[in-house]
């Protein structure tokens, strides 16, 4: 009698069958999977365009079965804005890292949110410049050792970590702002719910959504994957507590009807 063996892993619908380029323990792969699942569940994968940044996720569109393109460093929200205005019936995702979104691209980030562009932004925060060797990023923690802060980040000299959700929460136009993480199964489940909500709001034409996702970077942090997940819990959450900052779909719908 032959024994039928089950595959160890079944690729979720919506993900491409390609070999990953991400380092072991990196959170990008988890996030890609959650986005692909959400797009399939909302039945919008065939009309979605993802704008990839300059950073580790520069090839994000190769992993998810959607149309995609790359933007110049920091210009992802500007490109996403143009796409959404030209193709209003499509779902447009701006997928960005912390250097891309909060350093060179902070102007585009703030103004796209301030205008209330009807795009969905997924912001992956791993507290460093991942692709270029682990330099200090706007989100690097105080005291964190990086390639450019070997003695640890000194806030008084180098500036303090920028909290993107807190910053955007000062603006009038954004509809949905939440900070989540992928450092353990419970956090992954909550992140999936946030991703679903952000994409559903765009599908319904409601407004601008922003989801910040704390993610592991074992290679540049110089620790093992399990320790990287634990470092998010013990260190990153002190500076970037998980929180739903804003969820105002009814107000956006009322404003849309009034106009």
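Read the figures in this text as sums done on the coordinates, not as results from a lab. It should be emphasised that the depicted structure is a prediction, and the values quoted were computed from it without experimental measurement. Heads up, the Cβs are rebuilt from the backbone with ideal geometry, glycines too, and the neighbour counts pull from every protein chain shown.
The figures follow:
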| read-out | value |
| --- | --- |
| Cut-off 13 Å, label 7 Å out along Cα→Cβ of residue 86, residues of region 92-131 by amide N | none |
| 20 Å reach of a label modelled at residue 72, 7 Å along Cα-to-Cβ, counting backbone N of region 34-63 | 51-59 |
| Distance between modelled label sites at residue 250 and residue 158, nm, 7 Å Cα→Cβ extension | 4.5 nm |
| Ranked 75, 11, 248, criterion: other C-beta atoms within 10 Å, fewest first | 11, 248, 75 |
| DSSP beta bridge pairing in the chain, given as percent antiparallel to the nearest 5 | 20 percent |
| Distance in nm between pseudo-label sites at residue 204 and residue 233 (7 Å out along the Cβ direction from Cα) | 3.4 nm |
| Per-q log10 I(q)/I(0), region 158-207, q = 0.14, 0.27, 0.31 Å⁻¹ (Debye; single scatterer per alpha-carbon; no solvent) | -0.47, -1.03, -1.09 |
| Fewest-first sequence of 37, 212, 230, 204 by Cβ atoms within 10 Å of each Cβ | 204, 230, 37, 212 |
| Within the chain, helix-based [θ] at 222 nm, where runs of 4 or more DSSP H residues each add -39,500 (n - 2.57), nearest 500 | -9500 deg cm²/dmol |
| Rounded FRET efficiency, nearest 0.05, which uses the C-beta distance separating residue 243 from residue 132 and R0 of 51 Å | 0.95 |
